[in-house]
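**Student:** Before anything else, here's the structure in question.
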Amino acid sequence: MKHLLSIDDLSTDEIHQLFETAADMHDVQSREVKKLPALRGRTVVNMFFEDSTRTRSSFEIAGKWLSADVINVSAKGSSTSKGESLRDTVLTVCAMGVDGLVIRHPASGAAVQVSEWVDAAVVNAGDGMHEHPTQALLDAYTLQRRLGSLEGRHVAIIGDLTHSRVFRSNIQCLTRLGARVTVVAPPTLMPSGVGAWSAAAGFETSYDIDAVLPTADAVMMLRVQRERMSGAYFPSEREYTVGYGLTRNRLALLKPDVPICHPGPMNRGLEIAADAADAAQSVVLEQVSSGLAIRMAVLYHLLAGEEL
Ligand code: CP
């Protein structure tokens, strides 16, 4: 693996190998001294052209715990505000001797484009509505730890699918690991062409959250991405919650102990009620700590010479 741009870059065996490395990295989190020497002398740049809390900070901690030198560059405060192009920006940064470039960008395909310009290993930390591969890996890793295996398990992915890169990466990752996936959205937030896509990729679609929830072994709620939509095709917030939110009443439809995931940031009271986000079966914060382990594993395999 030279870059991680898409779940498609990984074979199923490689996903399992990453999970094994992540399990070792998870142990580091419980140590008093959280440092491994694996990436000593390596430089990782986190280049974020879109806001982030979880992904940026976990890649920064991951790099530091592996002893890499980690630099953060964000659109705000960089020379992109003076009109410098993406190409000139990444070539400038990489001219300083960068080994790994973690990039988030609002344009779908930006990470693939950057990987063609630079020698550094590129990790896609979310590109527009396209992909967010480390999020899918951490989601599947979290569920595998909870459920033992994803083989034959029914995962319901519910929310604003049209705008979700998390959904696009998760479909590939979860189906590859043997899960049965049903996606649920209002018709206005179901991606166009989903019929042919679901037939080819092997997932199911539904507009009826109340029919799907009782059959789920895991539930993944997705954020309503108001910043990516024009108001035209969005139900009102009240309609959305009534029709598609994981409300307190809907919690009663779930089988006992079904893990509730959300990649964050959450719109509490819109797609997920506080009772669900904070329920005993919520794994939202477990996803965050799994994210650190997964990102350590990804940086380790990309930069420490440990081929997958
Ligand atoms: N899930 C996720 O990507 O969160 P951030 O935008 O905070 O990184």
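Each value in this text was obtained by applying a stated rule to the coordinates, not by laboratory testing. Quantities reported herein were computed from a predicted structural model and do not represent experimental measurements. No Cβ is skipped: glycine too gets one built from the backbone with ideal geometry, and neighbour counts run over all protein chains shown.
**Student:** Note the angle between two axes, namely the Cα long axis of helix 165-176 and the longest principal axis of the Cα atoms of the chain, as a number of degrees from 0 to 90, rounded to the nearest 10.
**Tutor:** Once rounded, one gets 80 degrees.
**Student:** Right, something else. Which one, Val73, Leu91, Val114, is farthest towards the positive end of the dipole of segment 70-119 when Lys and Arg carry +1 and Asp and Glu -1 on their Cβ?
**Tutor:** The residue sitting farthest along the positive end of the dipole is Val73.
**Student:** Per DSSP H run of n ≥ 4, the term is -39500 (n - 2.57); total these for the chain, divide by its residue number, and report the mean residue ellipticity at 222 nm rounded to 500 deg cm²/dmol.
**Tutor:** After summing the helix terms and dividing by residue count, I get -11500 deg cm²/dmol.
**Student:** If you don't mind, another one. Given segment 4-117, what whole percent of its Cα pairs are spread farther than 22 Å?
**Tutor:** Result: 41 percent of Cα pairs exceed 22 Å.
**Student:** Work out the length of the dipole vector of the chain about its Cα centre, built from +1 on the beta-carbon of each Lys and Arg and -1 on the beta-carbon of each Asp and Glu, and round it to the nearest 20 debye.
**Tutor:** For the chain, the charge dipole is close to 560 debye.
**Student:** Quick one: which residues, 5 or more positions from Ser282 or on another chain, have an amide H under 5 Å from its amide H? H modelled 1.01 Å from N in the peptide plane, none for Pro or chain starts.
**Tutor:** Result for Ser282 returns Ile260.
**Student:** I'd like to know how segment 68-224 sits against the 2.2 N^0.38 Å rule of thumb: what's its Cα Rg over that expected value?
**Tutor:** In units of the 2.2 N^0.38 Å rule of thumb, it is 1.22.
**Student:** Any chance you could tell me what percent of the C-alpha pair distances in the chain go past 25 Å?
**Tutor:** The answer is 48 percent, as a whole percent.
**Student:** So what does log10 I(q)/I(0) come out to for segment 133-283 at q = 0.09, 0.12, 0.18, 0.21 Å⁻¹, using the Debye formula with one equal point on every Cα and no solvent?
**Tutor:** -0.24, -0.43, -1.05, -1.49
**Student:** Which FRET efficiency value, to the nearest 0.05, is calculated for Gln281 and Arg248 with the Förster distance at 22 angstrom and r the Cβ-Cβ distance?
**Tutor:** Approximately 0.95, to the nearest 0.05.
**Student:** So, one more: Restricting the count to DSSP beta bridges whose residues both fall in the chain, what percent are antiparallel, rounded to a multiple of 5?
**Tutor:** 5
**Student:** Could you go through segment 129-142 in sequence order and give the Karplus-derived ³J(HN,Hα) for each residue, using 6.51 cos²θ - 1.76 cosθ + 1.60 with θ = phi - 60°, rounded to whole Hz, and x for Gly and Pro?
**Tutor:** 9, 8, 8, 8, x, 5, 5, 5, 5, 6, 5, 5, 4, 4
**Student:** While we're on this one: Under 11 Å from the 7 Å Cα→Cβ point of Ser192, by amide nitrogen: which residues of segment 162-182?
**Tutor:** What the label zone holds, given the 11 Å backbone N cut-off, is no residue at all.
**Student:** Further, regarding this structure: Find the centroid of the Cα atoms in segment 3-36 and in segment 133-184, then give the distance between the two in whole Å.
**Tutor:** Value for the Cα centre distance between the two parts: 17 Å.
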